[in-house]
1. If residue 262 passes every condition in (1) assigned to a helix (DSSP H, G or I); (2) within 11 Å of the ligand (Cβ to nearest atom); (3) under 21 Å from the mean Cα position of the chain (by Cα) but one, which one does it miss?
2. Condition first: assigned to a strand (DSSP E or B) and either out of contact with any helix residue (DSSP H, G or I) (no Cβ under 6 Å at 6 or more places or on another chain) or more than 11 Å from the ligand (Cβ to nearest atom) (or both). Now tell me which residues in region 237-259 satisfy that.
3. Quick check: anything in region 277-290 away from the ligand (no atom under 12 Å from the Cβ), over 19 Å from the mean Cα position of the chain (by Cα) and either touching a residue at least 40 places away in the same chain (Cβ under 8 Å) or assigned to a strand (DSSP E or B) (or both)?
4. Which one is farthest from the ligand (Cβ to nearest atom) among residues in region 149-160 that are within 20 Å of the chain's Cα centre (by Cα) and in a loop (DSSP other than H, G, I, E, B)?
5. Looking at region 91-101 only, could you name the residues that are free of Cβ contacts under 8 Å to residues at least 40 places away in the same chain and within 21 Å of residue 35 (Cβ to Cβ)?
6. Only residues that are touching a strand residue (DSSP E or B) at 6+ places or on another chain (Cβ under 8 Å) and in a loop (DSSP other than H, G, I, E, B): list them for region 21-52, please.
7. Checking residue 124 against (1) within 16 Å of the ligand (Cβ to nearest atom); (2) over 20 Å from the mean Cα position of the chain (by Cα), which test does it fail?
Ligand code: HEM
(Lines give C-alpha, C1' and ligand atoms only; values in the text may rest on other atoms or scores of the structure.)
Protein backbone atom coordinates (compact mmCIF):
# COMPACT_ATOMS: atom_id res chain seq x y z
CA UNK A 1 0.00 0.00 0.00
CA UNK A 2 1.26 3.50 -0.85
CA UNK A 3 0.38 6.94 0.51
CA UNK A 4 -2.94 7.40 -1.29
CA UNK A 5 -4.08 3.79 -1.75
CA UNK A 6 -7.42 3.07 -0.04
CA UNK A 7 -7.25 0.22 2.52
CA UNK A 8 -7.48 -3.31 1.04
CA UNK A 9 -7.67 -1.79 -2.44
CA UNK A 10 -8.41 -4.09 -5.40
CA UNK A 11 -8.77 -2.13 -8.69
CA UNK A 12 -12.07 -2.81 -10.48
CA UNK A 13 -10.33 -3.16 -13.86
CA UNK A 14 -6.82 -3.94 -15.10
CA UNK A 15 -4.28 -1.31 -16.05
CA UNK A 16 -0.52 -1.56 -16.48
CA UNK A 17 2.61 0.44 -15.82
CA UNK A 18 5.99 0.49 -17.54
CA UNK A 19 8.91 -0.69 -15.41
CA UNK A 20 12.63 -0.06 -15.86
CA UNK A 21 15.60 -1.85 -14.29
CA UNK A 22 16.62 -0.38 -10.93
CA UNK A 23 19.84 1.05 -12.36
CA UNK A 24 18.24 2.65 -15.40
CA UNK A 25 19.59 6.14 -15.84
CA UNK A 26 17.34 8.91 -17.12
CA UNK A 27 15.56 8.59 -20.44
CA UNK A 28 14.60 11.56 -22.61
CA UNK A 29 11.97 12.80 -25.01
CA UNK A 30 12.14 15.47 -27.70
CA UNK A 31 9.18 16.91 -29.55
CA UNK A 32 10.61 18.35 -32.77
CA UNK A 33 8.29 20.63 -34.71
CA UNK A 34 8.02 22.34 -38.05
CA UNK A 35 5.53 25.21 -38.03
CA UNK A 36 4.02 25.74 -41.47
CA UNK A 37 2.38 29.13 -42.05
CA UNK A 38 2.04 28.66 -45.81
CA UNK A 39 5.64 27.91 -46.81
CA UNK A 40 7.31 24.67 -47.95
CA UNK A 41 7.38 22.49 -44.85
CA UNK A 42 8.72 19.37 -46.56
CA UNK A 43 12.35 20.55 -46.67
CA UNK A 44 12.35 21.27 -42.92
CA UNK A 45 10.54 18.03 -42.15
CA UNK A 46 12.97 15.91 -44.15
CA UNK A 47 15.93 17.60 -42.51
CA UNK A 48 14.30 17.05 -39.08
CA UNK A 49 14.11 13.33 -39.82
CA UNK A 50 17.75 13.37 -40.90
CA UNK A 51 18.62 15.18 -37.67
CA UNK A 52 17.06 12.34 -35.68
CA UNK A 53 19.18 9.78 -37.55
CA UNK A 54 22.58 11.22 -36.66
CA UNK A 55 24.90 9.65 -34.09
CA UNK A 56 23.34 9.63 -30.59
CA UNK A 57 19.88 9.91 -32.14
CA UNK A 58 16.73 8.52 -30.46
CA UNK A 59 15.67 4.89 -30.04
CA UNK A 60 12.13 5.46 -31.24
CA UNK A 61 10.36 8.07 -33.33
CA UNK A 62 6.63 8.64 -33.59
CA UNK A 63 4.94 11.35 -35.64
CA UNK A 64 1.86 13.51 -35.96
CA UNK A 65 0.50 17.00 -36.50
CA UNK A 66 -1.23 19.74 -34.55
CA UNK A 67 -3.39 22.72 -35.49
CA UNK A 68 -3.60 24.23 -32.01
CA UNK A 69 -1.67 27.37 -32.96
CA UNK A 70 -4.01 29.64 -34.95
CA UNK A 71 -2.70 30.29 -38.47
CA UNK A 72 -0.27 27.38 -38.51
CA UNK A 73 -0.10 23.67 -39.22
CA UNK A 74 2.57 21.90 -37.21
CA UNK A 75 4.34 18.70 -38.22
CA UNK A 76 5.74 17.03 -35.12
CA UNK A 77 8.20 14.20 -34.54
CA UNK A 78 8.11 12.61 -31.08
CA UNK A 79 11.51 11.05 -30.30
CA UNK A 80 12.48 9.04 -27.20
CA UNK A 81 15.93 8.06 -25.95
CA UNK A 82 16.63 5.20 -23.59
CA UNK A 83 19.91 6.79 -22.50
CA UNK A 84 20.05 10.42 -21.43
CA UNK A 85 23.81 10.50 -22.14
CA UNK A 86 23.18 9.90 -25.84
CA UNK A 87 20.36 12.45 -25.69
CA UNK A 88 22.63 15.03 -24.02
CA UNK A 89 25.21 14.61 -26.80
CA UNK A 90 22.49 14.95 -29.44
CA UNK A 91 20.95 17.97 -27.67
CA UNK A 92 24.34 19.71 -27.62
CA UNK A 93 25.24 18.75 -31.19
CA UNK A 94 26.17 21.30 -33.84
CA UNK A 95 23.72 19.54 -36.14
CA UNK A 96 20.74 20.36 -33.90
CA UNK A 97 21.72 24.00 -33.62
CA UNK A 98 22.28 24.15 -37.37
CA UNK A 99 18.88 22.59 -38.07
CA UNK A 100 17.07 25.01 -35.77
CA UNK A 101 18.64 28.11 -37.29
CA UNK A 102 19.18 27.05 -40.92
CA UNK A 103 15.68 27.63 -42.29
CA UNK A 104 15.44 30.50 -44.77
CA UNK A 105 11.69 30.35 -45.49
CA UNK A 106 10.00 33.20 -43.54
CA UNK A 107 6.75 31.20 -43.42
CA UNK A 108 8.32 28.19 -41.68
CA UNK A 109 9.22 27.97 -37.98
CA UNK A 110 11.28 25.25 -36.30
CA UNK A 111 11.15 24.25 -32.66
CA UNK A 112 12.15 21.63 -30.12
CA UNK A 113 10.83 20.80 -26.62
CA UNK A 114 12.88 18.31 -24.57
CA UNK A 115 12.41 16.60 -21.21
CA UNK A 116 14.77 14.32 -19.28
CA UNK A 117 12.74 11.54 -17.69
CA UNK A 118 13.86 9.87 -14.46
CA UNK A 119 12.38 6.37 -14.09
CA UNK A 120 11.75 6.97 -10.36
CA UNK A 121 9.89 10.17 -11.23
CA UNK A 122 7.73 8.64 -13.97
CA UNK A 123 4.11 7.50 -14.00
CA UNK A 124 2.75 5.52 -16.92
CA UNK A 125 -0.74 4.06 -17.03
CA UNK A 126 -1.50 1.79 -19.93
CA UNK A 127 -4.73 -0.05 -20.79
CA UNK A 128 -3.19 -2.85 -22.86
CA UNK A 129 0.27 -4.42 -22.67
CA UNK A 130 0.36 -4.82 -26.46
CA UNK A 131 -0.48 -1.22 -27.35
CA UNK A 132 2.49 0.70 -26.07
CA UNK A 133 3.28 4.30 -26.81
CA UNK A 134 6.02 6.76 -26.05
CA UNK A 135 8.30 6.07 -23.13
CA UNK A 136 6.57 2.75 -22.37
CA UNK A 137 8.01 1.33 -25.60
CA UNK A 138 11.45 1.58 -23.95
CA UNK A 139 10.43 -0.22 -20.75
CA UNK A 140 12.03 -3.46 -19.54
CA UNK A 141 8.56 -4.78 -18.77
CA UNK A 142 4.95 -3.66 -18.56
CA UNK A 143 3.23 -5.01 -15.44
CA UNK A 144 -0.28 -4.94 -13.96
CA UNK A 145 -0.57 -2.07 -11.49
CA UNK A 146 -2.42 -2.35 -8.16
CA UNK A 147 -2.14 1.45 -7.77
CA UNK A 148 -4.85 2.82 -10.00
CA UNK A 149 -8.56 3.63 -10.28
CA UNK A 150 -8.43 6.01 -7.32
CA UNK A 151 -7.36 9.67 -7.21
CA UNK A 152 -3.76 9.96 -6.18
CA UNK A 153 -2.71 6.87 -8.14
CA UNK A 154 -0.30 8.92 -10.25
CA UNK A 155 1.60 10.11 -7.17
CA UNK A 156 1.63 6.56 -5.79
CA UNK A 157 3.14 5.22 -9.01
CA UNK A 158 5.90 7.87 -8.92
CA UNK A 159 8.37 6.25 -6.53
CA UNK A 160 10.31 9.46 -5.92
CA UNK A 161 7.16 10.98 -4.35
CA UNK A 162 7.78 8.83 -1.25
CA UNK A 163 10.60 11.22 -0.31
CA UNK A 164 9.96 14.31 -2.41
CA UNK A 165 6.81 16.47 -2.57
CA UNK A 166 7.72 17.41 -6.16
CA UNK A 167 6.69 21.02 -5.66
CA UNK A 168 7.64 24.02 -7.74
CA UNK A 169 9.07 26.97 -5.89
CA UNK A 170 8.42 29.22 -8.88
CA UNK A 171 4.83 29.84 -9.98
CA UNK A 172 3.87 30.14 -13.60
CA UNK A 173 3.49 33.92 -13.50
CA UNK A 174 7.05 34.31 -12.22
CA UNK A 175 8.60 32.71 -15.28
CA UNK A 176 6.77 34.91 -17.78
CA UNK A 177 9.20 37.50 -19.20
CA UNK A 178 8.20 41.11 -18.56
CA UNK A 179 8.30 41.74 -22.32
CA UNK A 180 6.55 38.98 -24.29
CA UNK A 181 8.69 37.64 -27.13
CA UNK A 182 7.39 38.37 -30.62
CA UNK A 183 8.36 34.86 -31.67
CA UNK A 184 8.43 35.34 -35.42
CA UNK A 185 11.95 36.27 -36.64
CA UNK A 186 13.34 35.50 -33.17
CA UNK A 187 15.16 32.65 -31.44
CA UNK A 188 13.56 31.98 -28.07
CA UNK A 189 15.07 29.70 -25.42
CA UNK A 190 12.99 28.34 -22.54
CA UNK A 191 13.98 26.51 -19.36
CA UNK A 192 11.09 25.58 -17.08
CA UNK A 193 11.65 25.56 -13.32
CA UNK A 194 12.41 22.43 -11.28
CA UNK A 195 9.50 19.98 -10.94
CA UNK A 196 7.60 21.23 -13.98
CA UNK A 197 5.75 18.21 -15.36
CA UNK A 198 5.68 16.75 -18.87
CA UNK A 199 2.43 14.86 -19.54
CA UNK A 200 1.19 12.98 -22.54
CA UNK A 201 -2.22 11.34 -22.51
CA UNK A 202 -4.87 10.12 -24.87
CA UNK A 203 -6.76 7.32 -26.58
CA UNK A 204 -6.10 4.74 -29.29
CA UNK A 205 -9.40 3.65 -30.81
CA UNK A 206 -8.04 1.44 -33.62
CA UNK A 207 -9.58 -1.66 -32.04
CA UNK A 208 -13.01 -0.28 -31.19
CA UNK A 209 -16.11 -1.96 -32.63
CA UNK A 210 -18.84 0.30 -34.14
CA UNK A 211 -21.07 0.48 -31.03
CA UNK A 212 -18.14 1.68 -28.93
CA UNK A 213 -17.01 4.11 -31.62
CA UNK A 214 -20.44 5.67 -31.58
CA UNK A 215 -20.28 6.29 -27.83
CA UNK A 216 -16.75 7.63 -28.11
CA UNK A 217 -17.74 10.06 -30.89
CA UNK A 218 -20.88 11.26 -29.12
CA UNK A 219 -19.72 11.32 -25.53
CA UNK A 220 -16.09 10.70 -24.48
CA UNK A 221 -14.32 12.38 -27.39
CA UNK A 222 -15.97 15.83 -27.21
CA UNK A 223 -15.18 15.95 -23.46
CA UNK A 224 -11.56 15.00 -24.16
CA UNK A 225 -11.22 17.78 -26.74
CA UNK A 226 -12.87 20.28 -24.34
CA UNK A 227 -10.47 19.26 -21.54
CA UNK A 228 -7.42 20.01 -23.67
CA UNK A 229 -8.86 23.33 -24.85
CA UNK A 230 -9.51 24.38 -21.27
CA UNK A 231 -5.88 23.68 -20.35
CA UNK A 232 -4.60 25.36 -23.51
CA UNK A 233 -6.62 28.52 -22.93
CA UNK A 234 -6.32 28.92 -19.13
CA UNK A 235 -2.69 28.56 -18.07
CA UNK A 236 -2.86 30.74 -14.97
CA UNK A 237 -6.04 29.20 -13.58
CA UNK A 238 -5.07 25.59 -14.36
CA UNK A 239 -1.34 25.76 -13.66
CA UNK A 240 -0.73 24.24 -17.09
CA UNK A 241 1.93 26.21 -18.96
CA UNK A 242 0.84 24.90 -22.34
CA UNK A 243 -1.28 22.14 -23.84
CA UNK A 244 -1.74 21.02 -27.41
CA UNK A 245 -3.41 18.23 -29.28
CA UNK A 246 -1.52 15.88 -31.58
CA UNK A 247 -3.15 13.72 -34.23
CA UNK A 248 -0.75 10.85 -34.77
CA UNK A 249 0.18 9.60 -38.24
CA UNK A 250 2.16 6.81 -39.84
CA UNK A 251 5.57 7.57 -41.35
CA UNK A 252 3.96 8.47 -44.67
CA UNK A 253 1.88 11.14 -42.93
CA UNK A 254 -1.49 9.32 -43.01
CA UNK A 255 -3.64 9.79 -39.89
CA UNK A 256 -3.88 6.76 -37.59
CA UNK A 257 -6.67 6.13 -35.06
CA UNK A 258 -4.77 7.55 -32.17
CA UNK A 259 -4.05 10.98 -30.76
CA UNK A 260 -2.84 12.55 -27.57
CA UNK A 261 -2.54 15.82 -25.71
CA UNK A 262 0.73 17.20 -24.42
CA UNK A 263 0.48 19.20 -21.24
CA UNK A 264 3.29 20.99 -19.37
CA UNK A 265 2.20 21.62 -15.78
CA UNK A 266 3.78 23.87 -13.13
CA UNK A 267 3.94 20.93 -10.68
CA UNK A 268 2.33 17.56 -10.06
CA UNK A 269 -0.37 18.93 -7.74
CA UNK A 270 -1.73 21.12 -10.58
CA UNK A 271 -2.17 18.06 -12.80
CA UNK A 272 -3.76 16.16 -9.93
CA UNK A 273 -6.11 19.05 -9.31
CA UNK A 274 -7.23 19.08 -12.95
CA UNK A 275 -7.80 15.33 -13.15
CA UNK A 276 -9.61 15.04 -9.83
CA UNK A 277 -11.49 18.32 -9.50
CA UNK A 278 -11.93 20.13 -12.77
CA UNK A 279 -15.24 19.65 -14.61
CA UNK A 280 -13.43 18.91 -17.88
CA UNK A 281 -11.42 15.84 -16.75
CA UNK A 282 -14.32 14.85 -14.50
CA UNK A 283 -16.48 14.83 -17.63
CA UNK A 284 -13.89 12.78 -19.56
CA UNK A 285 -13.59 10.33 -16.68
CA UNK A 286 -17.35 10.17 -15.98
CA UNK A 287 -18.30 9.60 -19.62
CA UNK A 288 -15.64 6.89 -19.99
CA UNK A 289 -16.87 5.09 -16.86
CA UNK A 290 -20.48 5.39 -18.07
CA UNK A 291 -19.46 3.89 -21.44
CA UNK A 292 -17.88 1.00 -19.55
CA UNK A 293 -21.21 0.20 -17.88
CA UNK A 294 -23.17 0.46 -21.14
CA UNK A 295 -20.98 -1.77 -23.31
CA UNK A 296 -21.55 -5.55 -23.31
CA UNK A 297 -17.75 -6.11 -23.00
CA UNK A 298 -14.72 -4.23 -21.64
CA UNK A 299 -13.90 -1.13 -23.73
CA UNK A 300 -11.49 -1.68 -26.61
CA UNK A 301 -10.40 1.97 -26.46
CA UNK A 302 -6.82 1.91 -25.20
CA UNK A 303 -5.94 4.76 -22.92
CA UNK A 304 -2.38 5.73 -22.20
CA UNK A 305 -0.69 8.46 -20.22
CA UNK A 306 2.81 9.31 -19.06
CA UNK A 307 3.59 11.88 -16.38
CA UNK A 308 7.11 13.09 -15.59
CA UNK A 309 8.08 15.71 -13.00
CA UNK A 310 11.42 16.98 -14.31
CA UNK A 311 14.60 17.88 -12.37
CA UNK A 312 16.07 21.40 -12.49
CA UNK A 313 17.26 22.26 -16.01
CA UNK A 314 15.78 19.10 -17.53
CA UNK A 315 12.84 20.69 -19.36
CA UNK A 316 13.98 23.00 -22.12
CA UNK A 317 12.73 24.33 -25.44
CA UNK A 318 13.87 26.47 -28.36
CA UNK A 319 11.63 28.17 -30.93
CA UNK A 320 12.94 29.77 -34.10
CA UNK A 321 10.66 32.00 -36.18
CA UNK A 322 7.50 30.64 -34.49
CA UNK A 323 4.23 32.36 -33.54
CA UNK A 324 4.05 33.48 -29.88
CA UNK A 325 1.22 31.01 -29.12
CA UNK A 326 3.53 28.07 -29.90
CA UNK A 327 4.08 25.59 -27.06
CA UNK A 328 6.15 27.09 -24.24
CA UNK A 329 7.42 30.04 -26.28
CA UNK A 330 5.81 32.74 -24.12
CA UNK A 331 7.84 31.55 -21.10
CA UNK A 332 11.16 32.06 -22.87
CA UNK A 333 13.75 34.73 -23.49
CA UNK A 334 15.08 36.01 -26.78
CA UNK A 335 18.50 34.42 -27.30
CA UNK A 336 21.27 36.84 -26.39
CA UNK A 337 19.03 39.01 -24.19
CA UNK A 338 19.51 37.90 -20.58
CA UNK A 339 16.60 40.03 -19.40
CA UNK A 340 13.89 40.94 -21.90
CA UNK A 341 12.49 43.82 -19.81
C1 HEM B 1 -10.12 10.17 -23.83
C2 HEM B 1 -9.35 10.75 -22.96
C3 HEM B 1 -9.21 10.36 -21.52
C4 HEM B 1 -9.92 9.46 -20.78
C5 HEM B 1 -11.07 8.56 -21.25
C6 HEM B 1 -9.38 9.47 -19.45
C7 HEM B 1 -9.83 8.67 -18.43
C8 HEM B 1 -9.20 8.49 -17.23
C9 HEM B 1 -9.48 7.44 -16.28
C10 HEM B 1 -10.52 6.34 -16.48
C11 HEM B 1 -8.64 7.61 -15.24
C12 HEM B 1 -8.52 6.71 -14.01
C13 HEM B 1 -7.47 5.66 -14.37
C14 HEM B 1 -7.09 4.75 -13.25
O15 HEM B 1 -6.51 5.22 -12.24
O16 HEM B 1 -7.31 3.55 -13.40
C17 HEM B 1 -7.82 8.76 -15.52
C18 HEM B 1 -6.84 9.23 -14.71
C19 HEM B 1 -5.90 10.14 -15.09
N20 HEM B 1 -5.87 10.85 -16.29
FE21 HEM B 1 -7.23 10.78 -17.76
N22 HEM B 1 -8.39 10.40 -19.38
C23 HEM B 1 -8.24 10.96 -20.62
C24 HEM B 1 -7.35 11.94 -21.00
C25 HEM B 1 -6.32 12.38 -20.21
C26 HEM B 1 -5.32 13.33 -20.61
C27 HEM B 1 -5.28 14.04 -21.94
C28 HEM B 1 -4.45 13.47 -19.56
C29 HEM B 1 -3.22 14.32 -19.41
C30 HEM B 1 -2.53 14.81 -20.37
C31 HEM B 1 -4.93 12.61 -18.50
C32 HEM B 1 -4.31 12.47 -17.27
C33 HEM B 1 -4.74 11.62 -16.29
C34 HEM B 1 -4.02 11.41 -15.04
C35 HEM B 1 -2.71 12.06 -14.64
C36 HEM B 1 -4.77 10.50 -14.29
C37 HEM B 1 -4.43 9.95 -12.91
C38 HEM B 1 -4.89 10.85 -11.80
C39 HEM B 1 -4.54 10.31 -10.42
O40 HEM B 1 -4.10 9.17 -10.34
O41 HEM B 1 -4.70 11.01 -9.44
N42 HEM B 1 -6.08 12.00 -18.91
N43 HEM B 1 -8.20 9.29 -16.74
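The values are calculated or read from the model by the stated rules, or taken from the named source; none is laboratory data. Note that this is a predicted model, so its numbers are computed, not measured. Glycine gets a Cβ as well: all are built from the backbone with ideal geometry, and neighbour counts include every protein chain shown.
1. (1)
2. Matches in region 237-259: 241, 242, 244, 246, 247, 248, 249, 255, 256, 257, 258, 259.
3. Within region 277-290, none of the residues are away from the ligand (no atom under 12 Å from the Cβ), over 19 Å from the mean Cα position of the chain (by Cα) and either touching a residue at least 40 places away in the same chain (Cβ under 8 Å) or assigned to a strand (DSSP E or B) (or both).
4. Within region 149-160, the match that is farthest from the ligand (Cβ to nearest atom) is 158.
5. The answer is 97, 98.
6. Scanning region 21-52 gives 26, 37, 39, 40, 52.
7. Single failed check for residue 124: (2).
For every residue, the table says whether it meets (1) within 19 Å of residue 25 (Cα to Cα); (2) modelled with pLDDT of 95 or more; (3) touching a helix residue (DSSP H, G or I) at 6+ places or on another chain (Cβ under 9 Å); (4) surrounded by fewer than 22 Cβ atoms within 10 Å (Cβ to Cβ).
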| position | (1), (2), (3), (4) |
| --- | --- |
| 76 | no, yes, no, no |
| 87 | yes, yes, no, no |
| 101 | no, no, no, yes |
| 124 | yes, yes, yes, no |
| 143 | no, yes, no, yes |
| 151 | no, yes, yes, yes |
